[in-house]
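A short worksheet on the structure shown next.
The values are calculated or read from the model by the stated rules, or taken from the named source; none is laboratory data. Predicted model, so just to flag it, every value in this text is computed and none were measured. Note: ideal-geometry Cβ built from the backbone for every residue, glycine included; neighbour counts use all protein chains shown.
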Amino acid sequence: MLKTTSDVLARARELAQRKKPVVAIAGAEDSDVVRAVSEAVKREFASAILVGNAAKTEAALRELQLDSLKLEIVQADGVQESVTRAVELCSQGRAQILMKGKVATSDIMRALLAPKAGLRQGKLLSHCAVLEIEGYPKLLSFTDGGVVSAPNFEQRIAIVENAVRVARLIGVGEPKVALLGVANQPTTDYPSTIETAAVARACFVRGIVRNIEGPLTFRAAFAGKYSERFSSDVAGDPDIVVSHTIEETNITVKAFTKFRRCTFMGVITGARVPLSLVSRADPPENKLASLALAAVIAGEEQ
């Protein structure tokens, strides 16, 4: 079981000894992305193909004194061509990981989901934010904070399924899933809690995950094994936290990264290749860690 960012980086390198994944970067003229990818190449857990404006990408490499790595660069004129060519590399099997550079998330998602790309495999694509939080004994995943704006019942089940798959790929044999809510019991006062309880039950009945509970308030999810009103196998020890909306997950993750010392790893799953996705404002170390997580996912699925 991988419990830290260092564990993820070490596992990515270990898997690369069997087969080193290639990362296709869409919009590679982003200097922070170039720095993170170059570090991944130097640490020998990935190779890279940089897709974007060749002149700007080469300038970024020179500025960072990384031109000696002689990374492959594919010229692309504009955002649309950058995302299309990067996705094509994945469709052709030349790349096993897709990474967002200086392009909009919506643009790269459209290219990834295009029928001609042939990369869609699951019921839904969703974002999983995996955090190493100071004081928490293992990696903690939050979902979905980046893709599905208002998930319906079946989409929420698919979001759980994607997050469980990521957890198992990083070595969590029986993930514990907490579905957040405004109360610890379903109540007609808050209709979302009724749906949350139904999602938890459906995930268990369908065999997606054994340990899942909801609704749980954020306090109850981390309060310990027993709260004042109920016993729980998940409370106090979740591996995955699922919020009801994209806004809740996004705000929670950003609050952790702002006010607690933690490392953020972001990945979109549900396609044939993982998409390494972080914010442009994220520091290079988060981009590197996200790339390592994608490399572990790609390597474990081979």
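Testing Thr57 on (1) farther than 23 Å from Val8 by Cβ; (2) surrounded by fewer than 19 Cβ atoms within 10 Å (Cβ to Cβ); (3) of a type outside the set (Phe, Trp, Tyr), one condition comes back false. Which one is that?
(2)
Search segment 32-48 for residues being part of a helix (DSSP H, G or I) and in contact with a strand residue (DSSP E or B) (Cβ under 9 Å, 6 or more places away or on another chain), and hand back the single one that is surrounded by the fewest Cβ atoms within 10 Å (Cβ to Cβ).
Kept after step one, since they are part of a helix (DSSP H, G or I), are these residues of segment 32-48: 32-42.
Add one more test, that the residue is in contact with a strand residue (DSSP E or B) (Cβ under 9 Å, 6 or more places away or on another chain), and what stays is 33-34, 36-38, 40-41.
Values: Val33: 30, Val34: 29, Ala36: 29, Val37: 29, Ser38: 23, Ala40: 28, Val41: 18.
Residue satisfying both the conditions and the ranking: Val41.
Does Val34 satisfy being more than 17 Å from the chain's Cα centre (by Cα) and under 27 Å from Asp107 (Cβ atoms)? Spell out how you get there, then give the answer.
Values: more than 17 Å from the chain's Cα centre (by Cα): yes; under 27 Å from Asp107 (Cβ atoms): yes.
When the stated conditions are applied, Val34 passes them.
Please go through segment 139-153 and pick out each residue that is over 11 Å from the mean Cα position of the chain (by Cα) and among the polar types (S, T, N, Q). Reasoning before the result, please.
Of all residues in segment 139-153, those over 11 Å from the mean Cα position of the chain (by Cα) come to 139-140, 148-153.
If the condition is that a residue be over 11 Å from the mean Cα position of the chain (by Cα) and among the polar types (S, T, N, Q), then Ser149, Asn152 are the ones that fit.
So is Ser243 in contact with a Phe, Trp or Tyr (Cβ under 8 Å, 6 or more places away or on another chain), touching a residue at least 24 places away in the same chain (Cβ under 8 Å) and either among the acidic types (Asp, Glu) or outside the structural domain of Glu134 (by TED's automatic domain parsing) (or both) or not?
no
Pairs under 7 Å by beta carbon, first residue surrounded by fewer than 15 Cβ atoms within 10 Å (Cβ to Cβ) in segment 90-119, partner polar (S, T, N, Q) and not in a loop (DSSP other than H, G, I, E, B), six or more apart or different chains?
Gly118/Ser91
Could you list, in sequence order, all residues of segment 49-98 that are touching a Gly at 6+ places or on another chain (Cβ under 7 Å) and either among the polar types (S, T, N, Q) or assigned to a helix (DSSP H, G or I) (or both)? I'd like the intermediate steps shown before the answer.
Residues of segment 49-98 touching a Gly at 6+ places or on another chain (Cβ under 7 Å): 52, 76, 79, 82, 91.
Result: Val79, Ser82, Ser91.
Please state which one of Gly52, Gly93 is under 23 Å from Ser279 (Cβ atoms) and in the same structural domain as Ala292 (by TED's automatic domain parsing).
Of the residues listed, the single one that is under 23 Å from Ser279 (Cβ atoms) and in the same structural domain as Ala292 (by TED's automatic domain parsing) is Gly52.
When segment 199-216 is examined, which residues are found to be part of a loop (DSSP other than H, G, I, E, B) and surrounded by fewer than 17 Cβ atoms within 10 Å (Cβ to Cβ)?
Keep residues of segment 199-216 that are part of a loop (DSSP other than H, G, I, E, B), which gives 206-210.
Answer for segment 199-216, where residues must be part of a loop (DSSP other than H, G, I, E, B) and surrounded by fewer than 17 Cβ atoms within 10 Å (Cβ to Cβ): Arg206, Gly207, Arg210.
Within segment 257-273, restricting attention to residues that are charged (D, E, K, R) and in a loop (DSSP other than H, G, I, E, B), which residue is surrounded by the most Cβ atoms within 10 Å (Cβ to Cβ)?
It comes out as Arg272.
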